[in-house]
Amino acid sequence: MTAASDVAGIMHSDGDGPSIQQALWDAGLDEDIRVEIQTVVSDSAARMQTTQSALEAGRAPPDIHMMDSGWTVPFILRNQTVNLTEQLPDETLQYVNDNYLEASLETARAPQGGDLHALPLFPDLGFTLYRQDLIEDAGYDTGGWATDPPRWEEFSAAIRDARDQAGLDYGFTTQAAAYEGLSCCTFNEVMTSWGGAYYGGADNLFTAGDRPITVDDQRVIDAIRMMRSFIAGEEEHTLDGYPQICPSAIVQWTEQQSLNPFAGGEAVSNRNWSYAIAETGTEDAFGEDLGVMTRPYAVSQQEAQYSDVGGTAVALGGWNLAVSPFSNREEEALQVLEAFANREVMLTVFRLGGFLPPNLDLVGDVDPSDVGPVARYADVVQSASENAIPRPATDLWPEQSALIYQAVNAAYRGVQSPEAAMNDLANELEQSEAEV
Amino acid sequence: MTTETDDGTGIDTDPVPDGGTVTGGEPGPSHEHERTGNAAVNWMESLSEAAYAYLLLLPAFALLTLIAFYPMIRTFVMSLRANQTRGLDPLGGFVGIENYIDILTGNARLARQFLDVGLTSSFPFIELGTPLFQQALFVTLAFAVISVVVETVIGFGQAYVLDQEFTGRRWVRVAIILPWAVPIVIQGMIFFLLFQPTVGFGSDLMQSLGIFSATPLANSRDAFIIILVADIWKSSAFMALLILAGLQSVDRSLYDVARVAGASPWQRFKLITLPLVMPALLVAMLFRTMDAMRVYGLIESTAGCTTVPSLSCLVVEAMFGGTRIYATAAAVAFATALVIGLIIGVYVLLFRDTDGGMY
């Protein structure tokens, strides 16, 4: 199977040490089956290209492809994955459907018919990390934030005050460069927390073609205006009541660049993935001073117009395993997938690599000293899983994603008004949807 | 190839006892065979210089046809079919030049367009669909023209310096050539980090001078300038090297004669150096133009293809962007090849009469 060095490094171990391979064997995988990893780069876009090359050419091995939850569906729609609903034992399917994070499963199912075509290996969720110590010093009570995040107004005021009082360079750092991470995740979260949606609510995420396009909705525009306020303070196209808390450089920042100032103690808060918790939550970093929550919000779920939006929101990332239809060892590959759907295997992957188990109930089952700081925030992870919002990953998503992140980035930078940017975007998305 | 064989056979049956005189004394079964071989040699020797040159070039052309023209024709055929984002078959039915119309009118299924201008009834009769710096054709042409002109001028200056005798010349040579040794990705990272506000001083400096916005790597115009400067910084050394080779082949005694005749330094440059260096200069410019027209790696490692879309960027994005639009990708690739071909054509036409005969 394909994997980046992070997973490749824990697949096998020297001697008797714990490894994923050992866990798979313990879970009942035939001892004759050994999983060989074809190591690929960690960059998701580059990995998609590798997968695409192999599958378009009908080439195997790799017999199992590790696919980003953001681009599994296009491969399913091109008949380049094995239908697991038809091939896996009922017992395994039952376990997966009953226990796995539903939002992750949605990214691995065929949009028509709902058959499962890939097995989630681990989900990833976007968290808001903050310096509890600094915010408390500025006179705010963060006691309930973990599972009951504040509204954006309170959050931004707290960040501003904490930054000013501690004399830091930055308040809140996030990702807003023109790249997939903006459309799939950070903007998706902000928009959802405002009760907005790309395609009229969470029901229409995976069915391209006949669905409403709602990016020019007032909620979405307000979400952009708030981000403009965070970046520019009181300026054109901003929103009253939201102070400047983000450096303007966020419009060219991705994950690592936004994490660096926070990890270096120069920022109060950062939006990032679970690895950032592992990195900044250790005792020699911020330890217990690190607060973790899901996104603040502006419009509650009850006030929202569409289904399953509004309230706090968490973008969904993560990776799925799909079996290549061109494999000569399909039988064996399916056995490997079956073994992955096992409690002990998931916990081994979590312990060794820090990757969240697709069955998130297991997070609380481990000792924080075993897996690092993430386990300390088990309740936040649980609440995140309940508020996870997947990107609308259809076969058209990569094309639409590029249109979205360009428009949002332009509006964030102020080169286009939010209204104009979203109106143009709505037209472009309409054209794209018409291609179905 | 066919003509060649026909000719060979013709000579073989020719009654003229040309080869026969040499091998005639040796009877035996190999006689016929050797006669044929000699006939071929003689035929080749009877060819004109030009025809002989073409004959020797044939294998290379055959190879080129196989690895360059065949894929191009395939690309063209693909570009005439429809996109198909679902199902196993990557391409749909025949749609003629529809994909080309789409990319030339700014309606391609791409985040950045190849060309996006519309016609209007009032002056200046064209309007931009998107800003110029976000249209791949304009970006690439502007990049090629500006970078090649500036690199040629700077490269000429550097070559002139390198051609002089002075103490410390070795160190200056190293300093001038050093950027050329930097790999593209490292070069890109240097400029990327220079304009990261938390790392480099570039953003603050350029912003305080009022030249750049606060986030130059996200701004198409600023990022274009950054990439231009990055390329000039590196590739001027390449121009300097090639021009230096030309300079060093100039016969020094010509300058002595010119001096005796009372020519000014400018006259010496214009009448001796420039014409003699011209062939080398043109080859260098042609190479740089082709390189500049396919710029990709530098952009990808600095500001990214979204901010500064080049033609190669579009091909890569269309091909590997995730949504399967292979027909559009093929159309963009073929159009890119055409544009580059046209520009090379301009070089060949403009300079075919140049002294020294480039071609």
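The values are calculated or read from the model by the stated rules, or taken from the named source; none is laboratory data. In this text, all values refer to a predicted model and were calculated from it rather than measured experimentally. Here the Cβ positions follow ideal geometry from the backbone for every residue, glycine too, while neighbour counts run over all protein chains shown.
The single condition among (1) without any contact (Cβ under 8 Å) to a residue 24 or more places away in the chain; (2) farther than 17 Å from B:THR140 by Cα; (3) in a helix (DSSP H, G or I); (4) not aromatic (Phe, Trp, Tyr) that B:MET278 does not satisfy is (1).
The one condition from (1) closer than 23 Å to A:PHE206 by Cβ; (2) away from chain B (no Cβ under 14 Å); (3) hydrophobic (A, V, I, L, M, F, W, C) that A:TRP71 does not meet is (2). Scanning the stretch A:55-82 for residues that are of a type in the set (Gly, Ala, Ser) and at pLDDT 90 or above returns a single hit, A:SER69. Of everything in the stretch B:78-101 that is more than 11 Å from chain A (Cβ to nearest Cβ) and charged (D, E, K, R), the residue that is nearest to B:GLY321 (Cα to Cα) is B:ARG81.
Would you confirm, using the coordinates I've provided, whether A:VAL73 is more than 22 Å from A:PRO392 (Cβ to Cβ) and in the same structural domain as A:GLU330 (by TED's automatic domain parsing)? So A:VAL73 fails the test. Within the stretch A:227-241, residues that are outside any loop (DSSP other than H, G, I, E, B) sit with their Cβ atoms under 6 Å from residues that are aromatic (Phe, Trp, Tyr), at 6+ positions apart or across chains, in these pairs: A:MET227/A:TYR412; A:SER229/A:TYR242. For B:VAL260, the conditions (1) more than 14 Å from chain A (Cβ to nearest Cβ); (2) surrounded by 18 or more Cβ atoms within 10 Å (Cβ to Cβ) all hold with the exception of (2). Within the stretch A:207-222, the set of residues being more than 14 Å from A:ILE404 (Cα to Cα) and surrounded by fewer than 21 Cβ atoms within 10 Å (Cβ to Cβ) comprises A:THR207, A:GLY209, A:ASP210, A:ARG211, A:PRO212, A:GLN218, A:ASP222. Only a single item in (1) in contact with a helix residue (DSSP H, G or I) (Cβ under 8 Å, 6 or more places away or on another chain); (2) surrounded by 19 or more Cβ atoms within 10 Å (Cβ to Cβ) is not met by A:GLU235, and it is number (2).
Among the residues of the stretch A:412-436, how many are of a type in the set (A, V, I, L, M), touching a residue at least 24 places away in the same chain (Cβ under 8 Å) and either within 12 Å of chain B (Cβ to nearest Cβ) or under 24 Å from A:LEU105 (Cβ atoms) (or both)?
Here is the first cut: in the stretch A:412-436, the residues of a type in the set (A, V, I, L, M) are A:415, A:420-422, A:425-426, A:429, A:434, A:436.
Checking which are touching a residue at least 24 places away in the same chain (Cβ under 8 Å) leaves us with A:421-422, A:425-426, A:429, A:436.
Okay, now just the ones that are also either within 12 Å of chain B (Cβ to nearest Cβ) or under 24 Å from A:LEU105 (Cβ atoms) (or both), so A:425, A:429, A:436.
Qualifying residue count, the stretch A:412-436: 3.
What is the residue count in the stretch A:251-289 for residues that are within 14 Å of another protein chain (Cβ to nearest Cβ) and either among the basic types (Lys, Arg) or buried (at least 23 other Cβ atoms within 10 Å of the Cβ) (or both)? Matching residues across the stretch A:251-289 total 8. Please go through the stretch A:172-186 and pick out each residue that is of a type outside the set (Val, Ile, Thr), under 24 Å from A:GLU234 (Cβ atoms) and more than 14 Å from every other protein chain (Cβ to nearest Cβ). The one that is of a type outside the set (Val, Ile, Thr), under 24 Å from A:GLU234 (Cβ atoms) and more than 14 Å from every other protein chain (Cβ to nearest Cβ): A:PHE172.
Counted as qualifying within the stretch A:264-375 are the helices (runs of 4 or more DSSP H) with 3 or more residues that are assigned by TED's automatic domain parsing to the domain that holds A:GLU154 and within 21 Å of the chain's Cα centre (by Cα), namely A:274-280.
Being under 28 Å from the mean Cα position of the chain (by Cα) and modelled with pLDDT under 85: is that true of B:ARG173 here? Give the derivation first.
Numbers: under 28 Å from the mean Cα position of the chain (by Cα): yes; modelled with pLDDT under 85: yes.
Yes: the conditions hold for B:ARG173.
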